[in-house]
Every structure is written in C-alpha cells, then in structure tokens.
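> Quick one: structure below, then a few questions.
The values are calculated or read from the model by the stated rules, or taken from the named source; none is laboratory data. Not measured: the values here are computed from a predicted model. As a convention, Cβ positions derive from the backbone with ideal geometry for all residues, glycine included, and neighbour counts pool all protein chains shown. Please note that ligands, DNA and RNA were not included when accessible areas were found on the heavy atoms of the full protein model with its side chains. Shrake-Rupley method; radii C 1.70, N 1.55, O 1.52, S 1.80 Å.
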Amino acid sequence: MTDNIISTAVIIGAGIFGVSTAVQLARRGVNVTILNDGPPANGASGRSLSWLNSARMRSEPYHRLRVAGIDRYRTLAARNPDADWLRFDGGLTWDADDERNEIEAAYRHEVSIGYDAQRLSAQDVSRVVPGLDNSGIAPQGAIFNPGEGWVDLPTLIGLLLNEFSELGGVVVTDQGAAKVVIEGGRAIGAQTAKGDLHRADAVVLATGPAVPKMAAENGQTIGDDTPIALLVQTKPLAHPLRAVLNTPRVAVRPAPGGTFSLDADWAADEGVSVSPDGSYQIHESVIAELLAEAAKVMEGNPQLEVASVGVGGKPIPGDGEPVIGAMKDIPGYYVAFSHSGATLGLIVGELLAYEVASGAEHPMLATFRPERFKLV
C-alpha cells in the first residue's frame, strides 16, 4: 500500500477500465464507489473481441503500453492455469491478395521491435495452427504471433468485482447514466440519473464510447473516432481451433464453453443501421454472411449458429492513441478512453490508479494525456 493524497473516489463505468481502476484503488486503501447505468460489462467490454495483442504497427509508446498489458495477463494466467476465460494460444493474421497487403511490412516491423512473429506460408500454417482451413491464405502468407491470446472480459470483470467487494468497494448499478459534478472548478463527485450524489476526492470517467460526449458536457475536448461495432457469439461447437484469427473478412476468437466470438468491420458497416431514437437495427443477412465467412477459415467449415449479437460503439480516440489521465483544467477529474480495452484493461487500471492515488504522473502515460486535444 502507498501513501494516498485522496481517501475517496468515484468511478463512472463498470467496464474493464473502470473496474480495473477501482480494484487497484481499493488495494491502495482508497474508498471507492463504482456507478454504472446498467449491469457490469453492459457496454463495449461486453461486446469486445478481446484479442490480447500488439500486432502490426503503431507508435512506440502505445506498443510498450500494450506489451505491458499483455504481461499483466500472463501473470494472471499463471495464477489461473486452468482458466477457460484467459488463454495464450497465439494469434494468426493474413491480408487479402491485393495492393493493400502489408504482411511483409508488418512482419519486418514486428521483428525489428522484438515482437515474437513467424512468417508462414499457407502450408506452414497448417502445421502450426490446428483447426484452420488454410485455403483462403494469400500467396504473401500469414504472420503467427505465438505470444498472443484472448480474455473473456465479462468473466474477468466479475472476478475483479468479487475482489473489489471483499476490499469494501461499493457498486451501484441500474440507476441510469451518471454525470461528473463540478463545484468551484473541481470535480467533487458524481450524480446518478436518479439524483443521488456520491461525493469523492477524485472522479474517473470510464464509460467507453460515451466518454467524449460526457467530457464535452464539462467543457473538455477529446477527439473521437468511435465506429459502430458488431460482435456475434456462437453456440458451443466441438472444434480444434485455439488461436485467434484475424483475416481479411472475419476475426474469429475462441471463447469459454466451446463457443466462438466473431467480428468484422464490414459487417458492422453493412449490417447495422441506427434508428431515429438511437436504437440499432441488425440485418440478419449480414449476420448469416459473417457466420459463413468464419466457417470458411475453420477446419471442416462447420455450421455455426448464433447464440447472441452485441452491437454498439467501439471506443476509438480521434488520433487512435489512448486517452488516459487527469483533466488538468478540472482538478480531481480523470479519464480512461481507448481502443484495445481488453489488452490495456489491467495495465491502464494499474497506472491510472497510481496517478489518482498519488497525484504523480506515470511516465508510460506521458503521450496519452487528454490535454493534447485542447483547442488552441
């Protein structure tokens, strides 16, 4: 435990960023309350592909943060060796056979930064990745990253909340959307839609795709490039595929109980429309096409059936980089908003709790500060 400059905190949002931060603060002896509009993991965390990776190309600070995130999951996996909700069976990716194919460049980059990567032909892949139909792999080949994995975020969030409760944390759910309360130029707590005010020394806004709009209500600018995302969960199926597949037409991720999680950007673009009231309409033909695309890359081309479909915003900041840390114009106000919430979930909670509890800035978050979006 470290010395705290605060004794109380309120977290708005019970996704992975909010819950992870809450647990870390509670471990430091801070009295923490989590406020969520519905049940835990009812937002982006509940419909995330949850592929644990730092594949392809991004800024060096972002890569380092993601690798640290994967490291924390490895520690967690070592403590839970029999878990069916956290696995490190590798990730396989390939591109379409066209001018946009970046497999060669991606492989060279990954090797240059020491990221464990294997360049494989379609024939080689079959020997390394069980459960794959390799017929769709382009002549440029594929990249296998043996250190990658996946996590089932709703299960993890549930386990973290159990620890949070044991540490004395309070979870308030199903009271509508909460908002940050500002008095005298600083954050003094959060208020639920039902009017209940929860006072605190610090407030953390971790509401996924809602973060930029909620921050704007307090006069703060956060660049936002959030698209609509679609995640299909299949019914259980006995199948040997264990690696995460990221292919031109579909991403396939094993899930607990012999199920699979599927997504694709094109499926969200073509298969979801937004009604005037803000609700989503899902086109069944696109869901069927997504299932068919997944079957094509799986050994035996199995008949996949839908168990559930999740749709909503996928948090992506305007410049693609995480937004983490203090809103310096409003003391006591912190934010966590990023893509790759699963990969970053544990490390962001750890580093943000360090900043909230100590008042110091962590150097790994130096380039991810919210003030980079301030209008000049």
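> Please compute the Kirkwood hydrodynamic radius of the range 287-363 from all pairs of different C-alpha atoms, in Å with one decimal.
Values: mean 1/r = 0.0630 Å⁻¹.
It works out to 15.9 Å.
> Turning to a different aspect of this structure: Starting from the range 114-217, pick out the GluC sites (Glu not before Pro) whose DSSP state is loop and whose Cβ has at most 16 other Cβ atoms within 10 Å. If you can, show how the numbers build up before the last one.
Working: sites: Glu148, Glu163, Glu166, Glu183, Glu217; in loops: Glu148, Glu217.
Counting only loop positions with at most 16 other Cβ atoms within 10 Å, the GluC sites (Glu not before Pro) in the range 114-217 are Glu217.
> All other residues with a Cβ under 14 Å from the Cβ of Lys314 taken together, and with Lys, Arg as +1 and Asp, Glu as -1, what is their net charge? Numbers along the way, then the final one.
Values: positive: Arg47; negative: Asp224, Asp225, Asp263, Asp265, Asp269.
Computed value for this residue: -4.
> Compute the Cα gyration tensor for the range 276-328, then decide on rounded, prolate or oblate, letting a ≥ b ≥ c be the square roots of its eigenvalues: rounded whenever a/c is under 1.5, prolate when a/b is larger than b/c in the other cases, and oblate in all that remain.
Oblate shape, in that a/c is at least 1.5 and b/c is the bigger or equal ratio.
> Quick check: net charge around Ala353, other residues with Cβ under 12 Å of its Cβ, Lys/Arg +1 and Asp/Glu -1? Walk me through the intermediate numbers first.
Numbers: positive: Arg27, Arg28; negative: Glu350, Glu355.
Local net charge: 0.
> Go ahead and estimate [θ] at 222 nm for the chain from helices alone: -39,500 (n - 2.57) per DSSP H run with n ≥ 4, summed, over the residue count, rounded to 500.
One gets -9000 deg cm²/dmol as the mean residue ellipticity at 222 nm.
> Using square roots of five times the C-alpha gyration tensor eigenvalues, list the equivalent-ellipsoid semi-axes of the range 128-199 in whole Å, biggest first. Walk me through the numbers on the way to the answer.
Working: eigenvalues 427, 64, 31 Å².
Semi-axes, largest first: 46, 18, 12 Å.
> Over the range 39-182, what is the mean sequence separation of C-alpha contacts under 8 Å (at least six apart), divided by residue count, expressed as relative contact order in percent?
Details: 156 pairs, mean separation 49.8, N = 144.
The normalised contact order for the range 39-182 reaches 35 percent.
> Now a separate question. Hey, can you find the accessible area per residue of the chain for me, probe 1.4 Å, expressed in square angstrom?
On the way: 15900 Å² over 376 residues.
Value returned for the chain: 42 Å² of accessible area per residue.
> For the range 283-376, which whole-number percentage of the solvent-accessible area (1.4 Å probe, protein heavy atoms only) is attributable to carbon and sulfur atoms? Could you put the intermediate results ahead of the total?
Values: 2010 of 3650 Å².
Accessible surface attributable to carbon and sulfur in the range 283-376 totals 55 percent.
> How many percent of DSSP beta bridges within the chain run antiparallel, rounded to 5? Write down the numbers at each step before the final one.
Values: 43 of 61 bridges.
In the chain, DSSP labels about 70 percent of beta bridges as antiparallel.
> Please calculate the 1.4 Å probe accessible area of Lys235, with all protein chains present, and give it to the nearest 10 Å².
The accessible area comes out at roughly 90 Å².
> Then there is this: Helix hunt in the chain: which complete DSSP H runs extend at least 15 Å axially by C-alpha with mean Kyte-Doolittle at least -0.5?
Values: long enough: 16-27 (16 Å, 1.10); 60-79 (29 Å, -0.81); 153-166 (20 Å, 0.88); 284-296 (18 Å, 0.64); 341-358 (25 Å, 1.25).
Long hydrophobic helices here: 16-27, 153-166, 284-296, 341-358.
> Moving on. Please enumerate, by chain and number, the lysines with C-alpha under 21 Å from the C-alpha of Lys235, excluding those fewer than 8 residues away in the same chain.
Leaving aside lysines fewer than 8 places away in the same chain, those within reach of Lys235 are Lys296.
> Given Cα pairs under 8 Å that are at least 6 residues apart, what percent is the relative contact order of the chain?
Numbers: 837 pairs, mean separation 96.1, N = 376.
The value is 26 percent.
> What lysines could a cross-link reach from Lys194, if we take a straight Cα to Cα line under 19 Å and drop same-chain neighbours fewer than 8 places away?
In chain and number order, the partners are Lys179.
> Using only the Cα atoms, work out Rg/Rh for the chain, with Rh taken as the Kirkwood radius, to two decimals.
Details: Rg = 20.8 Å, Rh = 21.4 Å.
My calculation of the ratio gives 0.97.
> To continue, here is another question. What translational diffusion coefficient, in µm²/s and rounded to a whole number, does the Stokes-Einstein relation yield for the range 73-185 at 25 °C and a viscosity of 0.890 mPa s, taking the hydrodynamic radius as the Kirkwood radius over Cα pairs? Working shown, then result.
Numbers: Rh = 18.0 Å.
Stokes-Einstein gives a translational diffusion coefficient of 137 µm²/s.
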